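Following: one structure in structure tokens, then a few remarks.
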Amino acid sequence: MEASIREGVIDIARAAGAAIMEIYRQDFTVEHKDDRSPLTQADLAAHRVIVAGLEKLTPDLPVLSEESASLPWGERQGWRRYWLVDPLKRTCEVFRLAGAGFEAVPADDSSRIRSEVLPGFWIDVEWLWMEEPDMWIAFEAWGLI
């Protein structure tokens, strides 16, 4: 992964976290989706920040999240790569194209998800949920510093 994209994603994550915390510092409302699952202002604020940031950072890669899942399957089925986002769930699910659908790419025993597209690139899932993200931890783990 290019350093500029890696740094951009870190910046987007920080901005989304700031948007979430801004909502949590005040009274906020909770709506419910059709399936009765909650949808907070924090969800929507983070979604807007993340989608706008990823679209600017990688305009050639589409973004899919619960809040944008209404995109027709006919449009999504041809996507070979895309960003999959759920900012509050604190999980990371990576999928690869497999035949007519998608299959999950499991994390390895050390909670790392390894890229099949970018040789040698991996992410420790725990990094995604750090209270204060520190890119230097990743750079050191990747052997860049």
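The values are calculated or read from the model by the stated rules, or taken from the named source; none is laboratory data. Small disclaimer: the values here were computed from a predicted structure and weren't measured. When we count neighbours, we look across all protein chains shown, and the Cβ atoms used for this are built from the backbone with ideal geometry, even at glycine.
Some notes on this structure:
Listed here are the residues, each with its yes/no results for (1) of a type in the set (S, T, Y); (2) modelled with pLDDT of 80 or more; (3) touching a Leu at 6+ places or on another chain (Cβ under 9 Å).
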site: E75; (1), (2), (3): no, yes, no
site: W83; (1), (2), (3): no, yes, yes
site: L88; (1), (2), (3): no, no, no
site: D134; (1), (2), (3): no, no, no
site: I145; (1), (2), (3): no, yes, no
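- Looking only at residues in the range 44-66 that are out of contact with any Asp or Glu (no Cβ under 7 Å at 6 or more places or on another chain) and of a type in the set (D, E), the one that is surrounded by the fewest Cβ atoms within 10 Å (Cβ to Cβ) is D60.
- Some residue of the range 37-49 being over 14 Å from the mean Cα position of the chain (by Cα), at pLDDT 80 or above and outside any helix (DSSP H, G or I): no
- Remark: pairs (first residue in the range 69-80, under 15 Å from G99 (Cα atoms); second residue surrounded by 10 or more Cβ atoms within 10 Å (Cβ to Cβ); Cβ separation under 6 Å; 6+ apart in sequence or on different chains) = W79/P62; R80/L97.
- Residues in the range 57-72 that are modelled with pLDDT of 80 or more and outside any strand (DSSP E or B): L57, T58, P59, D60, L61, P62, P72.
- Restricting the first member to the range 110-124 and to residues that are farther than 15 Å from E140 by Cβ, and the second to residues that are surrounded by 13 or more Cβ atoms within 10 Å (Cβ to Cβ) and β-branched (V, I, T), the beta-carbon pairs closer than 6 Å and six or more apart or on different chains are S111/V125; I113/V94; I113/I123.
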